[in-house]
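The values are calculated or read from the model by the stated rules, or taken from the named source; none is laboratory data. Fair warning: this is a prediction, and the values are worked out from it, not measured in the lab. Please note: Cβ atoms are built from the backbone with ideal geometry, for glycine as well, and neighbour counts cover all protein chains shown. Keep in mind that these areas ignore ligands, DNA and RNA; they rest on the heavy atoms of the full protein, side chains included. Shrake-Rupley method; radii C 1.70, N 1.55, O 1.52, S 1.80 Å.
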Amino acid sequence: MMMTQRPRRLRSSELLREMVRETRISKESLIYPLFVREGRNVREEISSLPGQIRYSPDTVAQGVEKALASGVSRFLLFGIPEHKDPLGQGAYDPQGVVQQALRNLRAAFGHDVHLSGDVCLCEYTSHGHCGVLQGESVCNDATLDLLGKTALSQVAAGADLIAPSDMMDGRVGHIRRVLDEHGYASIPIMSYAAKYASAFYGPFREAAGSAPQRGDRRGYQMDPHNVREALKEVCLDVCEGADIVMVKPALAYLDVLRAVKEETVVPVAAYSVSGEYAMIQAAGRLGLMDQDRLMCETALSIYRAGADILITYHAKELAQAIIRGDLG
Ligand code: PBG
(Lines give C-alpha, C1' and ligand atoms only; values in the text may rest on other atoms or scores of the structure.)
Protein backbone atom coordinates (compact mmCIF):
# COMPACT_ATOMS: atom_id res chain seq x y z
CA MET A 1 0.00 0.00 0.00
CA MET A 2 1.47 3.31 -1.04
CA MET A 3 1.41 6.08 1.56
CA THR A 4 1.20 9.72 0.62
CA GLN A 5 4.37 11.36 1.93
CA ARG A 6 4.93 14.83 3.29
CA PRO A 7 7.70 16.86 1.66
CA ARG A 8 10.88 16.92 3.73
CA ARG A 9 12.52 20.12 4.96
CA LEU A 10 15.49 21.26 2.89
CA ARG A 11 18.83 22.70 3.99
CA SER A 12 20.08 25.89 2.34
CA SER A 13 22.59 24.04 0.16
CA GLU A 14 19.75 21.87 -1.13
CA LEU A 15 17.58 24.95 -1.62
CA LEU A 16 20.25 26.37 -3.91
CA ARG A 17 20.58 23.14 -5.85
CA GLU A 18 16.84 23.07 -6.42
CA MET A 19 16.80 26.71 -7.49
CA VAL A 20 19.27 26.22 -10.32
CA ARG A 21 17.88 22.98 -11.67
CA GLU A 22 17.67 22.98 -15.43
CA THR A 23 15.02 20.31 -15.71
CA ARG A 24 11.86 20.20 -13.66
CA ILE A 25 9.33 17.46 -13.37
CA SER A 26 5.85 17.97 -12.01
CA LYS A 27 3.35 15.31 -11.14
CA GLU A 28 0.82 17.33 -13.15
CA SER A 29 2.65 16.25 -16.30
CA LEU A 30 2.34 12.51 -15.62
CA ILE A 31 -0.22 10.31 -17.35
CA TYR A 32 -0.95 6.83 -16.03
CA PRO A 33 -2.12 4.12 -18.49
CA LEU A 34 -4.96 1.89 -17.33
CA PHE A 35 -6.10 -1.41 -18.87
CA VAL A 36 -9.78 -2.21 -18.83
CA ARG A 37 -11.10 -5.59 -19.89
CA GLU A 38 -14.55 -6.94 -20.27
CA GLY A 39 -16.18 -8.62 -17.29
CA ARG A 40 -17.21 -7.80 -13.76
CA ASN A 41 -15.23 -7.55 -10.59
CA VAL A 42 -11.92 -8.07 -12.38
CA ARG A 43 -8.67 -7.08 -10.69
CA GLU A 44 -5.89 -9.17 -12.13
CA GLU A 45 -2.19 -8.57 -12.17
CA ILE A 46 -0.67 -8.36 -15.63
CA SER A 47 2.11 -10.95 -15.62
CA SER A 48 4.19 -9.15 -18.24
CA LEU A 49 3.91 -5.88 -16.27
CA PRO A 50 4.38 -6.74 -12.60
CA GLY A 51 2.52 -4.25 -10.44
CA GLN A 52 0.05 -3.27 -13.18
CA ILE A 53 -3.55 -4.38 -12.96
CA ARG A 54 -6.26 -5.20 -15.48
CA TYR A 55 -9.60 -3.85 -14.30
CA SER A 56 -13.15 -4.24 -15.53
CA PRO A 57 -15.35 -1.17 -16.06
CA ASP A 58 -16.91 -1.64 -12.61
CA THR A 59 -13.56 -1.83 -10.75
CA VAL A 60 -11.43 0.67 -12.67
CA ALA A 61 -12.42 3.41 -10.20
CA GLN A 62 -10.33 1.54 -7.60
CA GLY A 63 -7.25 2.00 -9.75
CA VAL A 64 -8.01 5.67 -10.22
CA GLU A 65 -8.62 6.13 -6.50
CA LYS A 66 -5.18 4.69 -5.71
CA ALA A 67 -3.49 6.88 -8.30
CA LEU A 68 -5.24 9.99 -6.98
CA ALA A 69 -4.00 9.14 -3.50
CA SER A 70 -0.44 9.04 -4.91
CA GLY A 71 -0.82 12.39 -6.66
CA VAL A 72 -1.69 11.30 -10.22
CA SER A 73 -4.91 12.52 -11.83
CA ARG A 74 -4.39 12.06 -15.58
CA PHE A 75 -5.15 8.72 -17.20
CA LEU A 76 -4.94 6.99 -20.57
CA LEU A 77 -7.40 4.15 -21.06
CA PHE A 78 -6.79 0.99 -23.08
CA GLY A 79 -9.52 -1.56 -23.74
CA ILE A 80 -9.33 -5.33 -23.90
CA PRO A 81 -12.55 -6.73 -25.35
CA GLU A 82 -13.83 -10.26 -24.83
CA HIS A 83 -14.61 -10.75 -28.51
CA LYS A 84 -12.41 -9.65 -31.33
CA ASP A 85 -13.43 -9.54 -34.96
CA PRO A 86 -11.83 -8.53 -38.26
CA LEU A 87 -13.36 -5.04 -38.08
CA GLY A 88 -12.52 -4.36 -34.43
CA GLN A 89 -16.10 -3.49 -33.60
CA GLY A 90 -15.47 -3.37 -29.85
CA ALA A 91 -13.44 -0.21 -30.38
CA TYR A 92 -16.43 1.90 -31.45
CA ASP A 93 -19.24 0.11 -29.63
CA PRO A 94 -21.00 2.65 -27.36
CA GLN A 95 -21.13 -0.20 -24.80
CA GLY A 96 -17.46 -1.10 -25.32
CA VAL A 97 -15.17 -1.53 -22.31
CA VAL A 98 -13.44 1.83 -22.65
CA GLN A 99 -16.73 3.64 -23.17
CA GLN A 100 -18.22 1.99 -20.07
CA ALA A 101 -15.11 2.75 -18.03
CA LEU A 102 -15.15 6.40 -19.15
CA ARG A 103 -18.77 6.81 -18.12
CA ASN A 104 -18.17 5.15 -14.74
CA LEU A 105 -15.07 7.21 -13.99
CA ARG A 106 -16.79 10.44 -14.95
CA ALA A 107 -19.71 9.57 -12.68
CA ALA A 108 -17.39 8.66 -9.80
CA PHE A 109 -14.83 11.47 -10.02
CA GLY A 110 -16.47 14.25 -12.04
CA HIS A 111 -13.83 16.59 -13.40
CA ASP A 112 -11.23 15.82 -10.73
CA VAL A 113 -9.66 13.45 -13.24
CA HIS A 114 -8.45 13.94 -16.80
CA LEU A 115 -9.33 11.02 -19.05
CA SER A 116 -7.71 10.21 -22.38
CA GLY A 117 -8.81 7.43 -24.67
CA ASP A 118 -6.33 5.45 -26.76
CA VAL A 119 -7.75 5.17 -30.25
CA CYS A 120 -6.55 2.15 -32.19
CA LEU A 121 -8.06 -1.04 -33.53
CA CYS A 122 -5.28 -3.50 -32.71
CA GLU A 123 -6.67 -4.52 -29.33
CA TYR A 124 -10.05 -5.19 -30.97
CA THR A 125 -9.21 -6.93 -34.22
CA SER A 126 -9.00 -10.72 -34.42
CA HIS A 127 -5.86 -10.43 -36.60
CA GLY A 128 -4.21 -7.95 -34.21
CA HIS A 129 -3.41 -5.28 -36.79
CA CYS A 130 -4.20 -1.62 -36.21
CA GLY A 131 -6.68 -1.43 -39.05
CA VAL A 132 -8.93 -3.24 -41.48
CA LEU A 133 -7.14 -5.81 -43.62
CA GLN A 134 -7.43 -6.08 -47.36
CA GLY A 135 -5.62 -9.28 -48.21
CA GLU A 136 -2.42 -9.14 -46.18
CA SER A 137 -2.17 -5.38 -45.81
CA VAL A 138 -3.96 -2.75 -43.80
CA CYS A 139 -6.37 -0.60 -45.77
CA ASN A 140 -5.72 2.98 -44.69
CA ASP A 141 -8.91 4.73 -45.75
CA ALA A 142 -11.39 2.11 -44.55
CA THR A 143 -9.59 2.23 -41.21
CA LEU A 144 -9.92 6.01 -40.92
CA ASP A 145 -13.67 5.75 -40.86
CA LEU A 146 -13.57 3.32 -37.93
CA LEU A 147 -11.01 5.40 -36.03
CA GLY A 148 -13.31 8.42 -36.36
CA LYS A 149 -16.18 6.39 -34.94
CA THR A 150 -13.99 5.16 -32.09
CA ALA A 151 -12.91 8.67 -31.14
CA LEU A 152 -16.45 9.97 -31.30
CA SER A 153 -17.82 7.19 -29.10
CA GLN A 154 -15.10 7.80 -26.51
CA VAL A 155 -15.76 11.53 -26.37
CA ALA A 156 -19.50 10.89 -26.12
CA ALA A 157 -18.71 8.62 -23.14
CA GLY A 158 -16.70 11.36 -21.41
CA ALA A 159 -13.13 11.37 -22.74
CA ASP A 160 -11.33 14.71 -22.27
CA LEU A 161 -8.68 13.97 -24.89
CA ILE A 162 -8.26 11.60 -27.81
CA ALA A 163 -4.98 9.81 -28.39
CA PRO A 164 -4.83 8.04 -31.77
CA SER A 165 -2.09 5.40 -31.58
CA ASP A 166 -2.53 3.73 -34.94
CA MET A 167 -0.30 5.19 -37.64
CA MET A 168 -2.75 5.56 -40.52
CA ASP A 169 -2.14 8.47 -42.87
CA GLY A 170 -4.56 11.34 -42.37
CA ARG A 171 -6.05 10.04 -39.14
CA VAL A 172 -5.54 13.21 -37.11
CA GLY A 173 -7.30 15.36 -39.72
CA HIS A 174 -10.09 12.83 -40.05
CA ILE A 175 -10.67 12.53 -36.29
CA ARG A 176 -10.51 16.33 -35.95
CA ARG A 177 -13.21 16.74 -38.61
CA VAL A 178 -15.46 14.11 -37.08
CA LEU A 179 -15.18 15.63 -33.61
CA ASP A 180 -15.76 19.16 -34.90
CA GLU A 181 -18.81 18.10 -36.87
CA HIS A 182 -20.34 16.64 -33.73
CA GLY A 183 -19.80 19.68 -31.53
CA TYR A 184 -16.55 18.50 -29.91
CA ALA A 185 -14.24 21.15 -31.31
CA SER A 186 -12.75 21.77 -27.87
CA ILE A 187 -11.57 18.17 -27.35
CA PRO A 188 -7.81 18.07 -28.01
CA ILE A 189 -5.93 15.39 -29.92
CA MET A 190 -2.64 13.97 -28.70
CA SER A 191 -1.23 12.11 -31.66
CA TYR A 192 1.26 9.28 -31.46
CA ALA A 193 3.17 11.17 -34.14
CA ALA A 194 6.54 9.44 -34.01
CA LYS A 195 5.78 5.83 -33.20
CA TYR A 196 8.59 3.44 -33.92
CA ALA A 197 8.36 -0.26 -34.71
CA SER A 198 9.82 -1.40 -31.41
CA ALA A 199 10.61 -4.49 -29.35
CA PHE A 200 9.77 -2.39 -26.28
CA TYR A 201 6.04 -2.95 -26.86
CA GLY A 202 6.38 -6.66 -25.99
CA PRO A 203 4.81 -6.61 -22.53
CA PHE A 204 1.94 -4.38 -23.71
CA ARG A 205 1.03 -6.82 -26.44
CA GLU A 206 0.74 -9.53 -23.84
CA ALA A 207 -1.19 -7.21 -21.50
CA ALA A 208 -3.68 -6.27 -24.22
CA GLY A 209 -3.52 -9.52 -26.20
CA SER A 210 -2.77 -7.45 -29.28
CA ALA A 211 0.23 -9.04 -30.97
CA PRO A 212 -0.37 -9.29 -34.72
CA GLN A 213 -1.14 -12.92 -35.58
CA ARG A 214 0.69 -12.68 -38.87
CA GLY A 215 3.04 -10.11 -40.29
CA ASP A 216 4.19 -7.12 -38.29
CA ARG A 217 3.54 -3.40 -37.98
CA ARG A 218 6.59 -2.21 -39.82
CA GLY A 219 4.39 -1.12 -42.71
CA TYR A 220 2.85 1.60 -40.59
CA GLN A 221 5.25 2.12 -37.69
CA MET A 222 8.50 3.99 -38.14
CA ASP A 223 11.94 2.61 -38.84
CA PRO A 224 14.24 3.10 -35.80
CA HIS A 225 17.01 4.22 -38.15
CA ASN A 226 15.20 7.47 -38.94
CA VAL A 227 14.84 10.75 -37.11
CA ARG A 228 14.02 13.19 -39.90
CA GLU A 229 11.06 11.05 -40.80
CA ALA A 230 9.75 11.64 -37.27
CA LEU A 231 9.91 15.38 -37.88
CA LYS A 232 7.89 14.92 -41.05
CA GLU A 233 5.24 12.86 -39.23
CA VAL A 234 5.07 15.46 -36.46
CA CYS A 235 4.75 18.25 -39.00
CA LEU A 236 1.92 16.48 -40.82
CA ASP A 237 0.05 15.75 -37.58
CA VAL A 238 0.35 19.34 -36.37
CA CYS A 239 -0.92 20.60 -39.74
CA GLU A 240 -3.86 18.22 -39.46
CA GLY A 241 -4.72 19.60 -36.03
CA ALA A 242 -2.75 17.66 -33.40
CA ASP A 243 -2.64 19.66 -30.15
CA ILE A 244 0.05 17.51 -28.55
CA VAL A 245 2.53 15.26 -30.35
CA MET A 246 4.03 12.12 -28.90
CA VAL A 247 7.26 10.23 -29.30
CA LYS A 248 7.13 6.52 -28.51
CA PRO A 249 9.04 4.69 -27.09
CA ALA A 250 10.95 7.22 -24.99
CA LEU A 251 14.21 5.86 -23.64
CA ALA A 252 15.78 4.58 -26.84
CA TYR A 253 14.52 7.68 -28.72
CA LEU A 254 15.74 10.59 -26.60
CA ASP A 255 17.40 12.16 -29.63
CA VAL A 256 14.07 12.06 -31.46
CA LEU A 257 12.38 13.75 -28.51
CA ARG A 258 14.98 16.49 -28.52
CA ALA A 259 14.63 17.01 -32.28
CA VAL A 260 10.83 17.09 -32.08
CA LYS A 261 10.95 19.53 -29.20
CA GLU A 262 13.17 21.87 -31.17
CA GLU A 263 11.09 21.68 -34.33
CA THR A 264 7.58 22.07 -32.99
CA VAL A 265 5.60 24.61 -31.02
CA VAL A 266 3.02 22.23 -29.54
CA PRO A 267 3.58 20.35 -26.26
CA VAL A 268 5.58 17.14 -26.64
CA ALA A 269 4.61 13.94 -24.86
CA ALA A 270 6.86 10.93 -24.39
CA TYR A 271 5.47 7.45 -23.89
CA SER A 272 7.76 5.39 -21.71
CA VAL A 273 6.36 2.11 -22.90
CA SER A 274 5.75 -1.27 -21.31
CA GLY A 275 9.21 -2.66 -22.11
CA GLU A 276 10.91 0.30 -20.45
CA TYR A 277 8.86 -0.26 -17.30
CA ALA A 278 9.42 -4.02 -17.37
CA MET A 279 13.16 -3.56 -17.81
CA ILE A 280 13.47 -1.34 -14.75
CA GLN A 281 11.28 -3.63 -12.69
CA ALA A 282 13.31 -6.66 -13.74
CA ALA A 283 16.65 -4.98 -13.00
CA GLY A 284 15.35 -4.14 -9.53
CA ARG A 285 13.96 -7.61 -8.94
CA LEU A 286 17.24 -9.22 -9.92
CA GLY A 287 19.07 -6.91 -7.54
CA LEU A 288 21.18 -5.53 -10.38
CA MET A 289 20.36 -1.88 -9.76
CA ASP A 290 18.41 0.33 -7.39
CA GLN A 291 14.94 0.29 -8.96
CA ASP A 292 13.75 3.60 -7.55
CA ARG A 293 16.84 5.52 -8.58
CA LEU A 294 16.76 3.90 -11.99
CA MET A 295 13.15 4.98 -12.40
CA CYS A 296 13.88 8.59 -11.38
CA GLU A 297 17.02 8.92 -13.47
CA THR A 298 15.28 7.49 -16.52
CA ALA A 299 12.30 9.83 -16.15
CA LEU A 300 14.67 12.74 -15.74
CA SER A 301 16.47 11.87 -18.96
CA ILE A 302 13.17 11.92 -20.83
CA TYR A 303 12.26 15.37 -19.51
CA ARG A 304 15.79 16.63 -20.09
CA ALA A 305 15.51 15.51 -23.72
CA GLY A 306 12.45 17.72 -24.11
CA ALA A 307 9.30 15.99 -22.90
CA ASP A 308 6.55 18.20 -21.49
CA ILE A 309 4.35 15.24 -20.64
CA LEU A 310 5.30 11.69 -19.63
CA ILE A 311 3.04 8.69 -20.07
CA THR A 312 4.38 6.00 -17.79
CA TYR A 313 3.43 2.90 -15.83
CA HIS A 314 5.60 4.35 -13.05
CA ALA A 315 3.38 7.45 -12.73
CA LYS A 316 2.33 6.73 -9.13
CA GLU A 317 5.86 5.98 -7.92
CA LEU A 318 7.25 9.02 -9.75
CA ALA A 319 4.60 11.27 -8.20
CA GLN A 320 5.58 9.93 -4.80
CA ALA A 321 9.26 10.53 -5.53
CA ILE A 322 8.40 14.13 -6.48
CA ILE A 323 6.39 14.61 -3.28
CA ARG A 324 9.27 13.14 -1.23
CA GLY A 325 11.67 15.56 -2.92
CA ASP A 326 13.80 12.86 -4.59
CA LEU A 327 12.82 14.18 -8.00
CA GLY A 328 11.44 17.48 -9.17
C1 PBG B 1 -1.45 0.47 -30.06
C2 PBG B 1 -0.57 0.77 -28.90
C3 PBG B 1 0.53 0.03 -28.48
C4 PBG B 1 1.05 0.67 -27.38
C5 PBG B 1 0.25 1.77 -27.13
N6 PBG B 1 -0.73 1.82 -28.10
C7 PBG B 1 1.02 -1.27 -28.98
C8 PBG B 1 1.65 -1.40 -30.25
O9 PBG B 1 1.83 -0.48 -31.04
O10 PBG B 1 1.97 -2.54 -30.52
C11 PBG B 1 2.24 0.23 -26.62
C12 PBG B 1 2.38 0.78 -25.29
C13 PBG B 1 3.35 0.07 -24.44
O14 PBG B 1 4.14 -0.79 -24.88
O15 PBG B 1 3.33 0.36 -23.25
N16 PBG B 1 -2.79 0.54 -29.69
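Some notes on this structure:
- Heavy atoms of Val20 accessible to a 1.4 Å probe, total area in Å² rounded to 10: 90 Å²
- Distance between the C-alpha centres of the stretch 263-328 and the stretch 80-154: 27 Å, rounded to the whole angstrom.
- Accessible area in square angstrom per residue, the stretch 1-73, 1.4 angstrom probe: 63 Å²
- Label-point separation, Leu15 to Glu263 (7 Å along Cα→Cβ), nm: 4.4 nm
- Principal-axis tilt of helix 274-285 within the chain, Cα atoms, nearest 10 degrees: 40 degrees
- Taking all protein chains together, Lys66, Lys316 sort by accessible area into Lys66, Lys316, largest first [probe 1.4 Å].
- Selection from His129, Phe78, Gly148 lying farthest towards where the dipole of the chain points positive, charges on Cβ: Phe78
- Under a Gaussian network description of the chain, with springs only between Cα atoms under 10 Å, the residue in Ala242, Ala156, Ala269 that fluctuates furthest is Ala156.
- Relative to the longest principal axis of the Cα atoms of the chain, the long axis of helix 140-156 lies at roughly 60 degrees.
- Dipole magnitude of the stretch 206-281 about its Cα centre (Cβ charges: Lys, Arg +1; Asp, Glu -1), debye to nearest 20: 160 debye
- The order of Ile187, Ile311 by accessible area, most exposed first and with a 1.4 Å probe, is Ile187, Ile311.
- The stretch 25-246: Lys pairs at Cα distance under 27 angstrom, eight or more positions apart or on different chains: 7
- Positive-end ranking of Thr23, Ala278, Val119 along the dipole of the chain, with charges on Cβ about the Cα centre, is headed by Thr23.
- Per-residue extension of 0.36 nm, minus the Cα-Cα distance of Glu297 and His83, leaves a gain of 73.0 nm for this segment.
- Among Ile80, Ile162, Ile280, residue whose mean-square fluctuation peaks in a GNM of the chain (springs only between Cα atoms under 10 Å): Ile280
- Most fluctuating residue given options Ala107, Ala197, Ala157, as computed from a GNM of the chain linking Cα atoms under 10 Å: Ala107
- Between the stretch 29-76 and the stretch 167-194, the Cα center-to-center distance that results, in Å: 26 Å
- Karplus (6.51, -1.76, 1.60) ³J(HN,Hα), θ = phi - 60°, over the stretch 167-182, in Hz, Gly and Pro reported as x: 10, 5, 5, x, 6, 5, x, 5, 4, 4, 4, 4, 5, 4, 4, 9
- Sites listed here are chymotrypsin sites (Phe, Trp or Tyr not before Pro) in the stretch 253-323 whose DSSP assignment is loop and whose Cβ has at most 16 other Cβ atoms within 10 Å, and the list is empty.
- The charge dipole of the stretch 25-246, taken about its Cα centre with unit charges on the Cβ of Lys, Arg, Asp and Glu (plus for the first two, minus for the last two), comes to roughly 340 debye.
- Amide H to amide H, with H built 1.01 Å from N, Leu34 comes under 5 Å of Leu76, Leu77, Phe78, counting only residues 5 or more places away or on other chains.
- The trypsin sites (Lys or Arg not before Pro) of the stretch 194-294 meeting both criteria, a DSSP state outside H, G, I, E and B (loop) and at most 16 other C-beta atoms within 10 angstrom of the site's C-beta, are Arg214, Arg218.
- Residues Ser26, Ser137, sorted by accessible area with the largest first, give Ser137, Ser26 [1.4 Å probe; ligands and nucleic acids excluded].
- Of the residues Ala321, Val256, Gly96, the one whose Cα sits farthest toward the positive end of the charge dipole of the chain, with +1 on the Cβ of Lys and Arg and -1 on the Cβ of Asp and Glu, is Ala321.
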